[in-house]
Amino acid sequence: MPTLALVGAGSGMGLAIARTFGSRGFDVALISRTKEKLQTLVDRLGQEGITAAAFPADVLDRASLTDALDAATARFGGIDVLEYSPAPHSPVPGVILAAPSEATVDNLQPQIEYVFYGAVAAARSVLPAMREAGAGTLLFTTGGGSVDPLPMLGNVNAASAALRNWVLNLDKELAGSGVHAAHVAINVWIGDGGPEGFPTATPEQIAPLYWDLHENRDRSEAVFNA
């Protein structure tokens, strides 16, 4: 069975992506900070006939992230698709929002650590085996501000744009290797509770895009708009 590893797995996009791949024959490795929440997702997927397992890790702790991916590889025999999309649903120390004119090294660095460096660490954990196998997919998610930045998210957009640039360049480097990298920019509010007038979409509406990028290896980027 092929395996999807989800870094930043949660009950919204993570669960929807897990179902999208799981319903097509994938096992699922779920990675995020909270073991109890992960186990809830494992149980829900299991009730739907999808084999999943939990691997707690913090993307800001690169060693724990690498250990989780190594454990997932050992559990399932390999990782065929990596998806990276951590999104804090509670305050993370040092992670704040800043407009471009308010950006400082101090408020940029946590965003870069969270959004960009964690993605690089995750990719480096799985890429050697994918290259050796001559097959694999690396998917990375940011907000739409990585493509069309918003002033209120100046520091977030800068880190997201750095990740986007790296992913597009990585895909160019991997051309002909059988390994594919792609970036997803979600330019809508996911679920309920968004700002008035801001476009929204459900995780279930967005998730098929990830399967399309996995299948269509000529595409290195997709932007989801309402």
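The values are calculated or read from the model by the stated rules, or taken from the named source; none is laboratory data. Quick caveat, the model's predicted, so the values are computed rather than measured. Counting neighbours? That spans all protein chains shown, and the Cβs are built from the backbone with ideal geometry, glycine included. With ligands, DNA and RNA removed, areas are computed over all heavy atoms of the protein, side chains included. Shrake-Rupley method; radii C 1.70, N 1.55, O 1.52, S 1.80 Å.
Quick notes
- Using a probe of 1.4 Å, the accessible surface attributed to S85 totals some 20 Å² when neighbouring protein chains are kept in position.
- Other residues whose C-beta falls under 13 angstrom from the C-beta of Y114 contribute a net charge of -1, scoring Lys and Arg +1 and Asp and Glu -1.
- Cut-off of 10 Å, at most 13 other beta carbons, DSSP loop: longest stretch of the chain lacking such GluC sites (Glu not before Pro): 49-195
- Annotation for A103 and A133: the two label points, set 7 Å from Cα along the Cα-Cβ direction, are 3.6 nm apart.
- For the stretch 1-61: rounded, prolate or oblate by the Cα gyration tensor [a/c cutoff 1.5]: prolate
- Computed from Cα positions, the angle between helix 35-47 and the longest principal axis of the chain comes to roughly 50 degrees.
- Shape category assigned to the stretch 125-179 from the gyration tensor of Cα positions, a/c cut at 1.5: prolate
- Surface analysis of the chain yields an accessible area of 47 Å² per residue, using protein heavy atoms and a 1.4 Å probe.
- Three-way shape call for the chain based on the alpha-carbon gyration tensor, with the a/c threshold at 1.5: rounded
- Two-site FRET efficiency, Q47 against D212, from Cβ-Cβ distance with R₀ of 30 Å, rounded to 0.05: 0.70
- Net charge over other residues, Cβ less than 15 angstrom from the Cβ of G154 (K, R count +1; D, E count -1): -3
- The residues H180, H214, sorted by heavy-atom accessible surface at 1.4 Å with ligands and nucleic acids left out, run H214, H180 from largest to smallest.
- Carbon/sulfur fraction of accessible area - the chain, other protein chains in place, 1.4 Å, %: 52 percent
- Helix axis angle, 154-173 relative to the chain longest principal axis, alpha carbon, degrees: 40 degrees
- With Cα atoms, 0 to 90° folded angle of helix 62-76 axis to the chain main axis: 30 degrees
- Centre-to-centre, using Cα atoms only, the stretch 160-226 and the stretch 35-105 are separated by 17 Å.
- Using θ = phi - 60° and Karplus 6.51 cos²θ - 1.76 cosθ + 1.60, couplings along the stretch 6-11 (whole Hz; Gly, Pro as x): 10, 9, x, 5, x, 7
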